[in-house]
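Data block below; observations after.
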Amino acid sequence: MSVNPVHQTELESLLAISSGLNATGGNDRLKNIMHQLLSDLCKTIKQFDVTDEEFWVAVNYLNELGGRQEAALLAAGLGLEHYLDMRADEKEAASGNDVGTPRTIEGPLYVANAPLSEGFARMDDGKEQAETLWLQGQVTDLHGKPVAGAIVDIWHANTLGGYSFFDQSQSEYNLRRRVRTGDDGRYAVRSIVPCGYGCPPDGPTQKLLTAIGRHGNRPAYVHFFVSAPGYKHLTTQINLNGDEYLWDDFAFATRAELIADPVKITDSAVAKQRDLEGEHTEVNFSFTLVEANEGGEEQRGKRARVME
């Protein structure tokens, strides 16, 4: 692709060259995207009369963001990851495709290849003093038929808001498990009630959020990947009702259909049936999967993930 430089302004010529529009090689789609991004950035610099000092503060900020590996965290905090979900919802609505359990953001803290169990798993290593959580539900299709052999991949934070692997004080794959459903489509896990958390207070994400007058807190929630042969992969998470940040999640992940009600179980017979010592919190949440139209829909989207 080439652009005649004779009819270009100096800025247009600069943008065409810098984005590769005048080059014969490279990826045409990427060239056009880069051209748009650079054009918008230059317009912003001009509109707000951005100073040299402000420009280099921004460049140095990007260096810091990469050094702390918080780019994915910032993408969530600025609503960009949520916008991808909005776009996917819009496309589904426009096509008239069936919709099951709503999607929401994955976040940056997944670790692949957690231990796989059949029907039930204990997620915590027993080292943390915390309220016991019994989480259970069923995976069905749009007609309510149980989906056998579905993989429910679950991960969540501990009581301090930390995630194993990223928090070196936790054991390997603590609070991370995969459960395969049986013929009844059901899954259950024993874990601990997670806590909401905030962005690292000394990190670049929180620095930017503070500068624009925002907090970096998330409510208590649990992540899920739910997949099965022949069905669209589901990336979602549930929020625990009652959290102060339920509707003020800095990552914009809360959806009304994904709010779960924690219930205090005091019945000793139920506790005994679950091999628990006494009172615990129960959360029920089931998932509805939609049949895949093409093979790629069965797989989660490609992005950099730990251990994958």
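The values are calculated or read from the model by the stated rules, or taken from the named source; none is laboratory data. Every value quoted in this text rests on a predicted model; they were computed, and no experiment measured them. Note: ideal-geometry Cβ built from the backbone for every residue, glycine included; neighbour counts use all protein chains shown. Heavy atoms of the whole protein, side chains included, go into the accessibility calculation; ligands, DNA and RNA do not. Shrake-Rupley method; radii C 1.70, N 1.55, O 1.52, S 1.80 Å.
I'd like to check something: does the stretch 216-238 contain any residue that is touching a residue at least 12 places away in the same chain (Cβ under 8 Å), small (Gly, Ala, Ser), touching a Phe, Trp or Tyr at 6+ places or on another chain (Cβ under 6 Å) and assigned to a loop (DSSP other than H, G, I, E, B)?
Start the filter on the stretch 216-238 by keeping residues that are touching a residue at least 12 places away in the same chain (Cβ under 8 Å), which leaves 216-238.
Narrowing further to those that are small (Gly, Ala, Ser): 216, 220, 227-228, 230.
Then drop every residue that is not touching a Phe, Trp or Tyr at 6+ places or on another chain (Cβ under 6 Å), which leaves 216.
Of the ones still in play, those that are also assigned to a loop (DSSP other than H, G, I, E, B) are 216.
Yes: one or more hits.
For Met86, work out the one condition from (1) farther than 30 Å from Asp167 by Cα; (2) open to solvent by less than 70 Å² (accessible area, probe 1.4 Å); (3) within 14 Å of the chain's Cα centre (by Cα) it doesn't fulfil.
(2)
I need every pair where a residue in the stretch 270-289 that is of a type outside the set (Asp, Glu) has its Cβ under 6 Å from the Cβ of a residue that is part of a loop (DSSP other than H, G, I, E, B) and open to solvent by 40 Å² or more (accessible area, probe 1.4 Å), sequence separation at least 6 or different chains.
Thr281/Glu131; Thr281/Pro262; Val283/Pro262
Of all residues in the stretch 143-190, which are open to solvent by less than 10 Å² (accessible area, probe 1.4 Å) and among the hydrophobic types (A, V, I, L, M, F, W, C)?
The answer is Val147, Ala150, Val152, Ile154, Trp155, Ala157, Leu175, Val179, Val189.
Report every pair of residues separated by at least 6 positions or lying on different chains whose Cβ atoms are under 7 Å apart, first residue within the stretch 294-308 and on the phi < 0 side of the Ramachandran plot, second open to solvent by 70 Å² or more (accessible area, probe 1.4 Å).
Close Cβ pairs (under 7 Å, with a partner that is open to solvent by 70 Å² or more (accessible area, probe 1.4 Å)) amount to Glu298/Pro229; Val306/Phe165.
Looking only at residues that are without any contact (Cβ under 8 Å) to a residue 40 or more places away in the chain and under 25 Å from Ser164 (Cβ atoms) in the stretch 199-214, which one is surrounded by the most Cβ atoms within 10 Å (Cβ to Cβ)?
Residue satisfying both the conditions and the ranking: Gln206.
Applying the selection to the stretch 94-108, what residues are touching a residue at least 60 places away in the same chain (Cβ under 8 Å) and not basic (Lys, Arg)?
The answer is Asn97, Asp98, Val99, Gly100, Thr101, Pro102, Thr104, Ile105, Glu106, Gly107.
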